[in-house]
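The values are calculated or read from the model by the stated rules, or taken from the named source; none is laboratory data. Every value quoted in this text rests on a predicted model; they were computed, and no experiment measured them. Here Cβ is always computed from backbone atoms with ideal geometry, including for glycine, and neighbour counts include all displayed protein chains. These area figures cover heavy atoms from the full protein model, side chains too; ligands, DNA and RNA do not enter into them. Shrake-Rupley method; radii C 1.70, N 1.55, O 1.52, S 1.80 Å.
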Amino acid sequence: MHLITHNLLARNAKGCTTNSFPLAFRDAHGQVEIQEQDINPDFVCNVLPRLEWKALIDAACQVGDESLPAEQPNMTDDELVQKLHYVLMEIHITEGAMVCSNCEHICPISNSIPNSKPDPKDSMEYFSTLPVAHLADMTDGNGHVMYGANSVAKKRARVD
Amino acid sequence: MIPTPDLSHLTKVDYDRVYEPAEDTFLFLDGLEQDAEHIRSLHPTVCLEIGSGSGCVSTFMGSILGPTGALYLCTDINQHAARCTVATGRQNKIPIDAINCSLTSSLLPRLRHSIDILLFNPPYVPTDGEEALDAQASGNISGAWAGGLSGMEITNKLLEEVNDLLSPKGLFYLVALKQNDIPAICAMMQDAFGLKSQTIIQRRAGREHLFILRFERQYVG
């Protein structure tokens, strides 16, 4: 997981929808890989308005990088773009965990992949809740036709 | 011609746990290739694929836009799929970040109106509702196809979020089956969210009649 992705991740689970960003790294220091990547200055500039600067600085510090200024500079010069590219796209968290400061839920990171899966019980509840009214209308009007085992076709046949 | 991603690193063992690219996947690639110029002309910054499975589709998107052209994010409820996604990106030199989560849950708060390209090849096979729910809760391979009533129970949840996710210029690509009732999907997206739709490609593959739909915001004048 790149630090840019960390900057876009929140907990957002049942019962935890506010103050669930940013997640704090735990045990990630030392589980960091630097993966070199070509720089695309346009991409860095385009993504900048979508970032939460303080969360980025804190995350970088937690994994041992202090190259970026604490306050977001007004000017985006070449040097800043270089540094941002490094922090956002080359620092890679491979193992560890992140903790939600609101609900204290721990999201493990394994093989560079954060696990933010819902509790199976919450998943069942979420998917079994009827969609909002306009969707319910749609499915009620057209939906309740079952197609039987015969047309439960390719997607299933593939893996049998 | 954009090359089909190299999947030679994935094995039989992977495909026991992760959906193997099939006709639906390849139709999705063909549709995206056909739209490649249009996609490039929007200069997308953030691409998100829901349920990325093998990672074939996002890797292909990476070939359209270039490895550093955009941020490639993927989610999958199946942890093995998330791993295959990252591995397929790496095999093809496309940096992809995968998150093991349900639909867009952990990304929605921060990526509101920020997704330029949203991709979803959903579990579209009509099954009983319980099967679809169990598949999502357990995160196993059946989550790749079990779609519940009309094959729409999981897709409908995502459709509710599309308008919140798409950037002003954003495009949403969806794979659908004829039995999913495509006119109803398009009418709902238009009526509820003002998103206009178009079938960009369709194909019969055995018993399945597959469609790739594209949704985008409608600007008047």
So how much accessible surface do A and B hide from each other in total, probe 1.4 Å, in square angstrom to the nearest 100? 5600 Å²
Find the accessible area per residue for segment B:1-85; the probe is 1.4 Å, ligands and nucleic acids are left out, and the unit is Å². 34 Å²
Once each part is reduced to its C-alpha centroid, what is the distance from segment B:164-217 to segment B:92-134 in angstrom? 16 Å
Under a 1.4 Å probe, counting only protein heavy atoms, A:HIS105 has an accessible area in Å², nearest 10, of 60 Å²
Asserting the computed 222 nm helical MRE of chain B (DSSP H runs at least 4 long, -39500 (n - 2.57) per run, divided by residue count, to nearest 500) equals -11000 deg cm²/dmol
With all protein chains present, how much of the accessible area of segment B:23-217 (probe radius 1.4 Å) comes from carbon and sulfur, to the nearest whole percent? 48 percent
Could you pull out every one of the lysines with an alpha carbon less than 19 Å from that of B:LYS169, ignoring same-chain neighbours closer than 8 positions? B:LYS196
Taking every pair of alpha-carbon atoms in segment B:23-217, give the share separated by more than 21 Å as a whole percent. 47 percent
Net charge dipole size for chain B [Lys, Arg +1 and Asp, Glu -1 on Cβ; Debye, nearest 20]: 560 debye
Work out how much length A:GLN82 to A:GLU104 would gain on full extension: take 0.36 nm times their residue separation and subtract the Cα-Cα distance, in nm to one decimal. 4.5 nm
Who wins for biggest fluctuation among B:PRO183, B:PRO168, B:PRO123 in a Gaussian network model of chain B, springs between alpha carbons below 10 Å? B:PRO183
Could you check the spin-label model distance between A:ASP119 and B:VAL13? Points 7 Å from the Cα along Cα→Cβ, value in nm. 3.4 nm
Net +/- balance of residues flanking B:GLN202 in space, Cβ distance below 11 Å, scoring K and R +1, D and E -1: +1
Residues of A:14-25, mean number of Cβ from any other protein chain within 10 Å of their own Cβ, rounded to a whole number? 1
